[in-house]
């Protein structure tokens, strides 16, 4: 039976529209913060951050700038950030950026109010369960990509760079996310394309299930896939096109709002495989998804699973098969279609075995439309990804 019992909430307030980031300080003031922990990237100070700092100063709102966020944040980085946030007496974490900043903001806010000897990894590895609500989290989103500006998840890599795990808990949902499509206008074309394929992969993993009657969820999913396919090339070619930017950003939010996956099985194996790759090689998550998903679709096609769904996807993407269609779409966006291309090198059997093991940290798992998925299955997909 479709739509098994579920609960669905979306408590995050989304403020969406061109120019809305200019009111970020005004929104932050609503929380009456004693001091803001302003988190953003280590490599560039975005114009929106400069304006936000000026506006906070004008409003007399104390803040500290923590510009040390990097791609694939590690447990060590979050432990350090939380220590600084706690020492400074901040009560509002305000992240400005994309997925890595959002992950950093959520996890930092959680650790400040739930200190632990093992740091954030105690929670990510589920050794401990947080007991206290985190600091208030507010976000200013700068790219259509991760979609975690509206959900209860963050992803952290361990200190050794072996495991990259997702942590889910209702505590870490942001209270407010300002989503301004204008902020993406200055992104390099590759970043726009990577963000779009990240959104596409999020929707796809909720579409790849074998429940024959989850029509409401599937039609929403297919509508988002269709929208990303239409507007991603436009955003790459026309950076100032607000129709393209707005559609992609709203798709990103909806893709990870959980509305697509309730009541039926979901399929997040592609993400589990990618997390093992980016943990080992520090590859950008979206680039990893682009490099893995065609091979993963080939794996499903070879099993003869969900032919109707894959056929519909192939038709959308203008190819004989869904896997070839996804490769075609990614080539149009100048993105890699396998790991050999994304990394610029191959992988040894030992490296493939290691990544396969770390992609299934809890052992073999049940996957929608595939049944049990094993380490051997993961190795087979990685070999495809490296052209073997």
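Just so it is clear, none of the values below were taken in a lab; they were calculated from the coordinates. None of these values were measured; they are calculated from a predicted model. Please note: Cβ atoms are built from the backbone with ideal geometry, for glycine as well, and neighbour counts cover all protein chains shown.
For the range 286-334, the gyration tensor built on C-alpha atoms gives an oblate shape. Its axis ratio a/c (a ≥ b ≥ c) is at least 1.5, and a/b is not larger than b/c.
How much length is gained if the chain between residue 282 and residue 354 is pulled fully straight, taking 0.36 nm per residue apart and subtracting their Cα-Cα distance, in nm to one decimal? Could the numbers behind the result be given before it?
Details: separation 72, 0.36 × 72 = 25.92 nm, distance 1.50 nm.
So the chain would gain 24.4 nm between residue 282 and residue 354.
Rounded to the nearest 500, the 222 nm mean residue ellipticity of the chain from helices alone is -15000 deg cm²/dmol, with -39,500 (n - 2.57) taken per DSSP H run of at least 4 residues.
May I ask for the angle, rounded to the nearest 10°, between helix 322-332 and the longest principal axis of the chain, with both axes built from Cα atoms and the value confined to 0 to 90°? Rounded to the nearest ten degrees, it is 50. When the chain is treated as a GNM with alpha-carbon contacts under 10 Å, the residue of 134, 307, 181 showing the greatest mean-square fluctuation is 307.
Look at (i) 0.93; (ii) 1.01; (iii) 0.96: the one that is Rg/Rh (Cα atoms, Kirkwood Rh) derived from this structure is (iii). Subtracting the Cα-Cα distance of residue 319 and residue 334 from their residue separation scaled by 0.36 nm leaves 3.6 nm.
Got the relative contact order for the chain handy, in percent, Cα pairs under 8 Å and 6 or more residues apart?
Values: 751 pairs, mean separation 62.5, N = 388.
Here the relative contact order equals 16 percent.
Computed from the C-beta positions of residue 125 and residue 59 and an R0 of 30 Å, the FRET efficiency is 0.15 to the nearest 0.05. Springs between Cα atoms under 10 Å define the GNM used for the chain, and in it the highest mean-square fluctuation of 125, 359, 278 occurs at 125. If you run the Gaussian network model on the chain, springs between alpha carbon atoms under 10 Å, then out of 282, 132, 267 the most flexible one is 132.
What is the calculated FRET efficiency for residue 383 to residue 265, with r their C-beta to C-beta distance and R₀ = 22 Å, to the nearest 0.05?
Values: r = 26 Å, r/R0 = 1.19.
Calculated transfer efficiency: 0.25.
Give me 176, 204 ranked fewest to most by other Cβ atoms within 10 Å of their Cβ, as a rough exposure proxy. If you can, show how the numbers build up before the last one.
Numbers: 176 20, 204 24.
Ranked by crowding around the Cβ, least crowded first: 176, 204.
State, as an integer percentage, the relative contact order of the range 15-147 based on alpha-carbon contacts under 8 Å between residues 6 or more apart. Reported relative contact order: 27 percent.
For the peptides 242-252, 100-110, 6-16, 215-225, residues were scored by their other Cβ atoms within 10 Å and the scores averaged per peptide; the highest-first order is 100-110, 242-252, 215-225, 6-16. In this calculation the C-beta distance from residue 312 to residue 162 is compared with R0 = 45 Å, giving a FRET efficiency of 0.75. Computed from Cα atoms, the angle from the helix 75-87 axis to the main principal axis of the chain rounds to 20 degrees.
Once the Cα atoms are used to define both axes, helix 242-255 deviates from the longest principal axis of the chain by about 80 degrees.
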